[in-house]
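To start, the structure itself, in C-alpha cells.
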Amino acid sequence: MMLSQTPFFDLTLEDLEQLLKGLGKEKFRAQQLFKWVYERRIYDFDQMTNLSKEFREELPQFLDLSLPKMVSHVKSSIDGTQKFLFDVGDNETIESVLIPSDDRLTLCVSSEVGCNMACKFCFTAKQKLKKRLSAGQIVGQFVQVLGTLPEGQRISNIVFMGMGEPLDNPDAVFKAIDVLHNDWGLNVSRRKITVSTSGLVPEMWRVAAAKVRLAVSLNGSSDDIRSQVMPINRKYPLKDLLEACREHARVTRDKITFEYVLLKGVTDSLEDARRLYQLTKSIPCKINIIPFNEHPQSGYSRPTEAAVKLFQDELIRLGAHVLLRKTMGRDIYAACGQLNATYKGHPGRLNVLEPNFHAPLN
Ligand code: SAH
C-alpha cells in the first residue's frame, strides 16, 4: 500500500509520535528520528543506523525529508550580516537574515511570502500576501542556515521579523516554534525566540501561551499617525493593542519590546517621543527605535543621526528603557523593512547577485 508522504519538518515531536502510533510503531521512534535529523543533521533515512533496515525502507513512504531550497546567499561587507534566499515552491521566494553580534548570532526568519498588513514604510508590503509558509518552511530556514555554519557554531536567537506577519499565520508559526525550542528538536530556549507583530490583537495571547517573547511594532504615537502608517491600526487601535500588551506582560511577567520606526517628519518629533512615553510608561517594556531603512519608492526618509539622538535622549530623560537598533546589512538590503525577495537588481534576487550594491545612503 502506498501511503501519502507527510513533510517531516512540519511535525512537532507529538505530531510525529501520533503519526507513528497510527502506523503501529513505537512512540520512542519519534525521538530517535528527531535526534537523527535535528541533532545529527542526517536527512537520509538510510543512514539512520539504529533503525532496522526494514523500518528505514518503510519510512520514505510516509515521511518526506525535503527542505526549502537555498538558492542564493549574500554577505554584507560592512558588518558580516548574511541574507539567504529560499525557493518555497510556486515560483515564490523568501529571505532569512543571519545577524552576528558580540554575544549572539540571531536568525531573522520569514513567515509569509509578501504581507497583507500594508504598512506604508515596509518594503515587504509592496508585495501583497502571496502565500503563508508551512511550519516546515519556517523550521527549514533555520535548519538550512545552520547547515552553512562551521561545526559546533550555534544560532542563539530567533526573531520572527522577516517577511510577513507571523500572527497572520499563527498555526504554522507556533508549530515551528515548538520544533525550534523542543529539546529533541533544535533546542533553542524560549527566551531567545521573539515573535514580532504589527498588532493582530486577537492572536497575541498565543505568544504568551507559547512562552516566547513578544515584540510589537508601534510606529506611531497616536491613533491618527499610526493609522496613517499602519492601516491595521484602524481595526485594532492603540487602546486595544496596548491593553493586549499589558495583559501579555501581566501573564508572562516579562517585558515587551516596542519597535518604533523613525520616519523623518512623520514619527520623529520630540512631541512623538513624549506621547510614546505616555503610551508605554505603565507597561513593562523596552522601546527599540529603528531609524527608517530606505527602499525604492518608499516616499519616506531617514532622520539624521542628530535627530535620532535627540529622540532617544528625550525618551531617556523621561525615564524610558530605550535602545537604538543598530542598522545591519544595509548594503545587501537585509535591514529591517528591506526584505522583498523579488525586487529586480537587489542582492538576493535569484541569480542576480550584486555584492557591491549599496542602498542609497543619506
Ligand atoms: N510583521 C511583523 C514582523 C516584521 S518585523 C511586524 O510588523 O512586527 C519588521 C520590523 O521592521 C517591524 O518593527 C517594522 O515596523 C520595521 N520596519 C519595517 N519597515 C521598515 C523600514 N523600512 N525601516 C525600518 N524599520 C522597518
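The values are calculated or read from the model by the stated rules, or taken from the named source; none is laboratory data. The structure displayed is predicted, hence computed values, not measured ones. Neighbour counts are summed over all protein chains in view; Cβ atoms, including those assigned to glycine, are modelled from backbone coordinates with ideal geometry. Heads up: the accessible areas ignore ligands, DNA and RNA and are worked out on the full protein's heavy atoms, side chains in. Shrake-Rupley method; radii C 1.70, N 1.55, O 1.52, S 1.80 Å.
Percent of accessible area on the range 248-345 owned by carbon and sulfur, 1.4 Å probe?
Carbon and sulfur: 53 percent of the exposed surface of the range 248-345.
Each Lys or Arg adds one and each Asp or Glu takes one away; over the other residues whose Cβ falls under 11 Å from the Cβ of E17, this sums to +1.
Solvent-accessible area of the range 6-64 (1.4 angstrom probe, protein heavy atoms only): carbon and sulfur portion equals 44 percent. Suppose each label sits 7 Å from its Cα in the direction of the beta carbon; what would the E271-T49 distance come out to in nanometres? A separation of 7.2 nm, rounded to one decimal place.
When only Cα pairs below 8 angstrom with a gap of at least 6 residues are kept, the range 6-64 shows a relative contact order of 34 percent.
Extension gain, D103 to T6: 0.36 nm times the residue separation minus the Cα-Cα distance gives 31.2 nm. The equivalent ellipsoid that matches the C-alpha gyration tensor of the range 154-205 spans semi-axes of 20, 12, 9 angstrom, in descending order.
Taking the alpha-carbon centroid of each part, what is the distance from the range 45-117 to the range 175-198 in angstrom? That distance is 15 Å. The slack between L323 and S227, meaning 0.36 nm per residue of separation minus the straight C-alpha distance, is 32.1 nm.
May I ask for the Kirkwood hydrodynamic radius of the range 40-194, worked out over all distinct Cα pairs and given in angstroms to one decimal?
Over the range 40-194, the inverse of the mean reciprocal pair distance is 16.7 Å.
Computed from point charges on the beta carbon alone (+1 for Lys and Arg, -1 for Asp and Glu), the dipole magnitude for the range 69-332 about its Cα centre is near 400 Debye. Based on C-alpha pairs under 8 angstrom that are at least 6 apart in sequence, the chain has a relative contact order of 16 percent. Per residue of the chain, the DSSP helices (runs of n ≥ 4 H) give a summed -39500 (n - 2.57) that works out to -8000 deg cm²/dmol at 222 nm. For V322, the residues whose modelled amide H falls within less than 5 Å of its own, excluding neighbours fewer than 5 places apart on the same chain, are I287. Charge tally around K128: other residues with Cβ under 13 Å, Lys/Arg +1 each, Asp/Glu -1 each, net 0.
Expressed as a fraction of 2.2 N^0.38 Å, the value expected for a compact globular protein of N residues, the C-alpha radius of gyration of the range 6-64 is 0.99. Distance between the 7 Å Cα→Cβ label points at Q31 and K309: 5.7 nm. Amide H contacts for S196 (H built 1.01 Å from N in the peptide plane; partners 5 or more residues away or on another chain; cut-off under 5 Å): F160, A215.
Per the Debye calculation on the range 90-176 with a single equal scatterer at every Cα and no solvent contribution, log₁₀ I(q)/I(0) for q = 0.10, 0.13, 0.22 Å⁻¹ amounts to -0.26, -0.43, -1.05. Using 0.36 nm per residue and subtracting the Cα-Cα separation, the extra length available between V251 and K120 on full extension is 44.0 nm. Averaging 1/r over each pair of different alpha-carbon atoms in the chain and inverting the result gives 21.4 Å, the Kirkwood hydrodynamic radius.
Computed 3J(HN,Hα) for the range 96-107, one whole-Hz value per residue from the Karplus formula 6.51 cos²θ - 1.76 cosθ + 1.60 where θ = phi - 60°, is 10, 10, 10, 10, x, 8, 3, 10, 8, 10, 10, 9, glycine and proline marked x.
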